[in-house]
Amino acid sequence: MSNGSAIIEPEYPAVQPPRDQASPHEISISCYDVVPPSLDDELVRLYQHMNSSLCHHAVARRARHAHAYVARRGEQALAVFLFERENSSIVVFNEMMQLAAEEIERFAKAMFSRFPSVSRVSFSKIGKDIGTLSLPWQQYGQAEDIVVSLPETPEAYLSRLGSKLRHNIRHQMKSICADFPAFSFETYENQAIAEQHVSDLIELKKVNIDEKRIKFGVTPEDAEWMIERAKTHGMLVVALLDGKVCGGSLSFRLGDHYFSHLNGYDPRFAKYSLGMLCCYLAIKEQIERGAKEAHLLWGRNPYKFKLLGVQRDLANLDIYRSRMQYYLHCHRVFRNARNNFVEKQKQMLLENTQRSGLMPSLLGRIVKVMRTIKRSNFRPAS
């Protein structure tokens, strides 16, 4: 904990009233019954991630009925958390944050002090390196953000890619244009992005997901938000053949970071690695616009690492009021631990299948059979 003193202020409406000038070393804590829109600037500055920004659909949707917590040293915000109270729990829903143990513990203690009936505080998808907490806690769940740190120029980025990938990109670009003379890649931003292009790309993504026999997660409400967001902070690289969308990559800008939100391609162009080409061209365009990082988000797809993505591991975190409460929630603690173990075994199995040799080959066959069984009852949504 910080050496500065802490002040817990009363709950405020959406706009915080004027405050006395705070000491530059004093830490104050403010809680809001309604999330002030003005906090979005602080969220972006602190966490630089769409999943912690009010502009993100999931965050904005939940923020309608949420509270906000702000810890400041003087006038400088140290932490901003959007949270909901669910029975005896506090659930923080801005995510993809790298947090110091000091801020996590300060928030948890403030919530336990403010809400005597609350026994647990939960974070979702935050950095795993949280250090040591004085309160009982459990990390669980496996997630990641695959991030590409971008150089100054597209040429510098291309030169950093593996020689085989560089060759494949050049070869596939020439091949697809030679086989389809009317084929083209176009880039649009903000208001220039056509609603129909985004809708068509969503449909292509659904086809890709259905082929894998897994559930498609984009709802009509999600699609509407993507179209609206594209008009204000979007960049779309789209592959066109005779005016028809064959593939593309839609990303959203937040400061000097881009977040790849939607990638899809027509399966007829799979032999040209069209999905990879669209993603590469999107990163190239982002560099030209001064981006520092390209977030390819979760999903350990091999192409992300070929494009120089680096995995940032994330996990969920539960913090308990006391050791007694930790033991009283033993069913939750055990379930999380069990799921963690199973997930780690799955990941080890998948990693082994990517190696050469007799045993990895056998494991690969086992994984294939398991996937077939798991997806045998899948029915694509109409």
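When Leu317, Leu241, Leu308 are compared by accessible area of protein heavy atoms, the largest-first order is Leu308, Leu241, Leu317, using a 1.4 Å probe.
Rolling a 1.4 Å probe over the protein chains gives His261 an accessible area of about 60 Å².
Counting only protein chains, not ligands or nucleic acids, how are Glu75, Glu102 ordered by accessible area (probe 1.4 Å), most first?
Glu75, Glu102
The heavy atoms of Asp200 present about 50 square angstrom of accessible area, all protein chains included, probe 1.4 Å. Across the stretch 199-211, rounded Karplus estimates of 3J(HN,Hα) from the backbone phi angles (6.51 cos²θ - 1.76 cosθ + 1.60, θ = phi - 60°) give 4, 5, 5, 4, 5, 5, 4, 4, 4, 4, 5, 4, 4 Hz, Gly and Pro being marked x.
For Leu99, nonlocal amide neighbours, meaning residues 5 or more places apart or on other chains whose placed amide H falls under 5 Å from its own, are Gly127.
Karplus-derived 3J(HN,Hα) values for the stretch 38-55, using 6.51 cos²θ - 1.76 cosθ + 1.60 with θ = phi - 60°, are 5, 6, 4, 4, 5, 4, 5, 5, 6, 10, 6, 9, 4, 6, 10, 10, 5, 6 Hz; glycine and proline are entered as x. Ordered by solvent-accessible area of protein heavy atoms (1.4 Å probe), largest first, the residues Met226, Met324 come out as Met324, Met226.
Over 29 Å between Cα atoms: which of Lys174/Lys284; Lys215/Lys244; Lys271/Lys292; Lys271/Lys304 fall into that group?
Lys271/Lys292
When the accessible area of the stretch 136-211 is split by element with a 1.4 Å probe, what percent falls to carbon and sulfur? Percent of accessible area from carbon and sulfur atoms in the stretch 136-211: 50. Using a probe of 1.4 angstrom and keeping all protein chains present, the accessible surface of the stretch 53-159 works out to 37 square angstrom per residue.
Phi-derived couplings, Karplus 6.51 cos²θ - 1.76 cosθ + 1.60 at θ = phi - 60°, listed residue by residue for the stretch 246-254: 10, x, x, 9, 10, 10, 10, 9, 9 Hz, with x used for Gly and Pro.
Provide the net charge surrounding Asp266, with neighbours chosen by a C-beta distance below 14 Å and charges set as Lys +1, Arg +1, Asp -1, Glu -1.
Computed value for this residue: -1.
The values are calculated or read from the model by the stated rules, or taken from the named source; none is laboratory data. In this text, all values refer to a predicted model and were calculated from it rather than measured experimentally. Reconstructed Cβ throughout: ideal geometry from the backbone, glycine too, with neighbour counts over all protein chains shown. Side chains included, ligands, DNA and RNA excluded: accessible areas come from the protein's heavy atoms. Shrake-Rupley method; radii C 1.70, N 1.55, O 1.52, S 1.80 Å.
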